[in-house]
Amino acid sequence: MKLLQGKKALIVGVASKHSIATGIARAFHEQGAELALTYQTEKLRSRVEGFAEEWGCTEVYPCDVADDQQIADLFSKLGESWGGIDILVHSVGFAPGDQLNGDFAEVTTREGFRIAHDISSYSLTALAQAARPLMQGRNGSILTMTYLGADRVLPNYNVMGLAKASLEANVRYLASSLGPEGTRVNAISAGPIKTLAASGIKSFRRMLQENQKRTPLRRNVTTEEVGNTASFLVSPMASGITGEVIYVDAGFRITAMNALEE
Ligand code: NAD
Ligand code: 0WE
């Protein structure tokens, strides 16, 4: 029996075949879930429609999470066609490029801070709010993607670290708020993966190489591994887990000065 047979899952954050959201969608599809996908801009539309076809998915909608009207339209259309949602995946993060290059105290601006927190954290609250009536009483599950920069300092991650700290607190407050109606809320903290969001980062290649040398498993993680953990977390197998951050990072978080002699 597949883990997610008959479940309806909305996935926000597919942009390319490398996206973490794409790995999650593929894993959910393999576990028998029915999918709905969104695209951020018209430029991404045909690509996302291509993935949808591959997974037998007919629900594809625009959703820029900065736009309240697009969020309202998305859930009103999904309400009409599906009547309810079991799973919501939020795999969205953004800060203006200039915020992620250089010394934190020098490069951070009021506007950069606002945008990072709006797109990377507030959007989870907004989507959860809009999804709430459709998820009521179905043992629903909400999942977001975070990074270690939420509680450790990494060069250049800068204001995104603050936004991820906010996102992780968001997970706890939403879990407390939606728990009484049966909805669970969790995050996966993934190790570094080469995606579009990573390709704009100076010395990301170098970070992947160093990470691979220092993790207990001596390798980087894949979007397939994130997808498999996501499938578990949103499934009844994880029915007792809410408000948590689960690390899928090949063990990196537990280390300090690891593999000095290698
Ligand atoms: P990605 O570029 O493939 O995905 C980022 C997604 O965010 C894209 O689909 C983009 O369209 C979407 N997005 C940005 N602004 C948006 C907006 N205004 N409205 C709607 N969508 C918007 O990169 P990814 O690495 O798959 O990132 C997904 C999530 O995983 C992010 O939250 C990221 O912080 C997190 N994460 C990434 C890594 C990594 O190393 N790649 C590690 C840990 C966590
Ligand atoms: O959360 C992320 C990526 C977030 C991200 C990336 C970009 C690049 C392009 C947010 N906004 C933008 N804006 C752009 O214009 N990750 C966890 C991947 C990542 O990003 C880093 C990392 C890692 C890991 C930035 C610096 C250091 C490490």
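Figures for the structure shown
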| read-out | value |
| --- | --- |
| Neighbour net charge for residue 163 - beta-carbon separation under 11 angstrom, K R +1, D E -1 | 0 |
| Percentage relative contact order, the chain, counting C-alpha pairs under 8 Å, at least six apart | 20 percent |
| With every protein chain in place, the chain: carbon and sulfur % of accessible area (1.4 Å) | 52 percent |
| Radius 12 Å from Cβ of residue 230, net charge of other residues (Lys, Arg +1; Asp, Glu -1) | -2 |
| Between 0 and 90°, nearest 10: helix 20-30 axis offset from the chain longest Cα axis | 40 degrees |
| Residue of 74, 167, 37 that the Gaussian network model of the chain assigns the largest fluctuation, springs spanning Cα pairs under 10 Å | 74 |
| Candidates 83, 140, 112, ranked by Gaussian network fluctuation over the chain, Cα under 10 Å, top entry | 83 |
| Among 164, 213, 43, residue whose mean-square fluctuation peaks in a GNM of the chain (springs only between Cα atoms under 10 Å) | 43 |
| Under Karplus coefficients 6.51, -1.76 and 1.60, residue-wise ³J(HN,Hα) of segment 62-77 in Hz, glycine/proline x | x, 7, 8, 5, 7, 10, 4, 5, 5, 5, 4, 4, 4, 6, 5, 5 |
| Charge tally in the Cβ shell below 13 Å around residue 120, where Lys, Arg are +1 and Asp, Glu are -1, residue 120 excluded | 0 |
| Long-range HN-HN contacts of residue 246 with modeled amide H, under 5 Å | 187, 188, 189 |
| Probe 1.4 Å, protein heavy atoms only - accessible area per residue of segment 72-226 in square angstrom | 46 Å² |
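The values are calculated or read from the model by the stated rules, or taken from the named source; none is laboratory data. Since the structure is predicted, the reported quantities are computational estimates derived from the model, not experimental observations. Glycine also receives a Cβ, built like all others from the backbone with ideal geometry; neighbour counts cover every protein chain displayed. Ligands, DNA and RNA are excluded from the accessible area calculation, which covers all protein heavy atoms including side chains. Shrake-Rupley method; radii C 1.70, N 1.55, O 1.52, S 1.80 Å.
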